[in-house]
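A short write-up of the structure that comes next.
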Amino acid sequence: MAVSDKKADLAGPGIGNYEDLEKILPNDYKPLLPPLERMKALFAIKEYIEKNLCKELNLQMVQVPLIVDVESGVNDMLDRDGSRTPIQFHISNDYNKNPIDAQVVQAATKWKRPALRQFGCKVGEGICTDMKAVRKDYFLDHDHSSYVDQWDWEKVMTADQRNLKYLKDTVCRIWKVIYGAGKYAQELFPQLKKSKYPDLPEELTFLHAEEILDMFPDLPRKQRETAVLQKYPAVFIIGIGWTLKDGYPHEMRAADYDDWVTETKSDKGKPVHGLNGDILVWNPITKRRHELTSMGIRVTKETLKKQLEMTGQLDFLKLPYHQAILNDEIPISIGGGIGQSRTYMYLLRTAHLGEVSVTVWPKILKEMCRKKNIHVLE
């Protein structure tokens, strides 16, 4: 395996050109629901997930910003290599006497933790948002778009809950909701239960990134995920961001929200790292890995400093968000983001995000999809 292959695989999206995408999109695709029925099913799923996610995790739906002040430091930089920057603009308020430099959010990840204090959440309580964002630096393929919609959630916890048991319990509750939403949609729209596609997996398998590397040491990250999903169709990969023994993290992860540095132990007693992870499933339509959610127990002031030191970003510590963590001004928490359109795509058995969301796509992609009977919404 060439070193460049593993380096190129770290940043996230897995397709980098339209020649490869054309090979991935199915040739025999027939949507299970027409567009209007698909929208009815989509909003039934949305209502089910919001209601039951709040019930399972004791969350309250709240408002969430689309734009934030640059000086706040709460925008999500997504990765730690600076490759994905937010849209920024100047607001010349009051004839530029009281202006604001603002950014469109890329996610509400760092906004949510101070918001727990703003909304007065106590231990065991949390918030959930219907978050919209723009990520201008993605390659636009079948499951990545510049428009992002997520259920971004955050919950107050105690210091002694910062362990794998609590993380796994939370993940299982989330998967219960996603699985339940799929079954609910199939009850309402029996067309979704098709014999050519396997049943939704009821159980998740938990694996550490370090364990998956041991299983497939010569494969880059996305190929490791694809290989493991052949055996386990729904997995939660723990410890994303920590540098593995091959010298690379499983995937780049920002250093100032999820805790990926804390040492823990695997079920087999092996030392591993991280209190965060991703839910991935096997998509039977695209026959590829399909990420639904990224989440984790958040950094403490100690792990924040350690992770920023490891990534060479200690200058972040002067920002208000980071100062609030250092000064114990915001709660210890766990949180994550569940991709809405990704979830709809998976549960409604569509081949492309554009069938369940409305955004911009390049002409080459729209024409490619049209030839394969995939009709994106415009």
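Using the scaling law 2.2 N^0.38 Å as the reference, what is the normalised Cα Rg of region 144-279?
Compared with the compact-globule rule of thumb, region 144-279 sits at 1.17.
Any idea how far apart Glu47 and Asp69 come out in nm if each label point goes 7 Å out from Cα toward Cβ?
Result for the modelled spin labels: 3.9 nm.
Going by amide H atoms built from the backbone, whose H comes under 5 Å of the H on Asp130, apart from near neighbours?
Val62
Please pull out the direction-averaged projected area of region 87-227, using the convex hull of its alpha-carbon atoms, in nm² to one decimal place.
14.3
Taking the Cα centre as origin and putting +1 on Lys and Arg beta-carbons and -1 on Asp and Glu beta-carbons, what dipole magnitude results for region 16-65, to the nearest 20 debye?
So the dipole magnitude of region 16-65 works out to roughly 300 debye.
Can you list the trypsin sites (Lys or Arg not before Pro) in region 245-293 that are in a DSSP coil and have 14 or fewer other beta carbons within 10 angstrom?
Answer in residue order: Lys245, Lys268, Lys287.
Only Lys, Arg, Asp and Glu count, each charged at its Cβ (+1, +1, -1, -1), so figure out the dipole size of the chain about its Cα centre, rounded to 20 debye.
840
Nearest 0.05, what FRET efficiency do Tyr29 and Asn327 give at R0 = 51 Å with Cβ-Cβ as r?
Between Tyr29 and Asn327 the formula returns 0.45.
Between Gln88 and Ser195, what is the FRET efficiency for a Förster distance of 35 Å, r being their Cβ-Cβ separation, to the nearest 0.05?
0.10
If you take the alpha carbon radius of gyration of region 159-233 and divide it by 2.2 N^0.38 Å, what ratio comes out, to two decimals?
For region 159-233, the normalised Cα radius of gyration is 1.41.
Tabulate in residue order the Karplus-calculated ³J(HN,Hα) for region 270-284, using 6.51 cos²θ - 1.76 cosθ + 1.60 with θ = phi - 60°, rounded to whole Hz; enter x for Gly and Pro.
7, x, 9, 9, x, 10, 9, x, 10, 8, 10, 10, 8, 8, x
Compare the peptides 341-353, 230-242 by average per-residue count of other Cβ atoms within 10 angstrom and give them in order, highest first.
My ranking of the peptides, most packed first, is 341-353, 230-242.
Okay, which of region 49-70 sit inside 17 Å, backbone N to the point 7 Å along the Cα-Cβ direction of Lys136?
Answer for this model: 66-70.
Counting only DSSP beta bridges with both residues in the chain, tell me the antiparallel percent, nearest 5.
Percentage antiparallel, nearest 5: 85.
Compare the Cα positions of Phe139, Ala234, Gly274 along the charge dipole of the chain (+1 at Cβ of Lys, Arg; -1 at Cβ of Asp, Glu; about the Cα centre) and return the one farthest towards the positive end.
Result: Ala234.
Evaluate E = 1/(1 + (r/R0)^6) for Lys318 and Glu367, where r is the Cβ-Cβ distance and R0 equals 30 Å; express this FRET efficiency to the nearest 0.05.
The calculated FRET efficiency here is 0.05.
Using the Cα centre of region 154-239 as origin and beta-carbon charges of +1 (Lys, Arg) and -1 (Asp, Glu), tell me which of Met215, Ile174, Thr158 is placed farthest towards the positive end of the dipole.
Ile174
Using all Cα-Cα distances in region 43-121, what percent lands in each 5 angstrom bin from 0 up to the longest?
Result, from short to long distances: 3, 12, 17, 18, 16, 15, 11, 5, 3, 1 percent.
How fast does region 210-308 diffuse by Stokes-Einstein, in µm²/s, taking the Kirkwood radius from C-alpha pairs at 25 °C and 0.890 mPa s?
Reported coefficient: 175 µm²/s.
Kindly provide the GluC sites (Glu not before Pro) of region 124-187 that DSSP labels as loop, not H, G, I, E or B, and whose Cβ sees at most 13 other Cβ atoms within 10 Å.
none
Which residue, chosen from Ile127, Leu36, Ile49, occupies the Cα position most advanced towards the positive end of the dipole of the chain, where the dipole is computed from +1 (Lys, Arg) and -1 (Asp, Glu) charges on Cβ about the Cα centre?
Of the options given, the answer is Leu36.
Values in this text are rule-based calculations from the coordinates and carry no lab data. On a predicted model such as this, the values are computed, not experimentally measured, just so you know. Quick reminder, even Gly has a Cβ in these numbers, built from the backbone with ideal geometry, and neighbours come from all protein chains shown.
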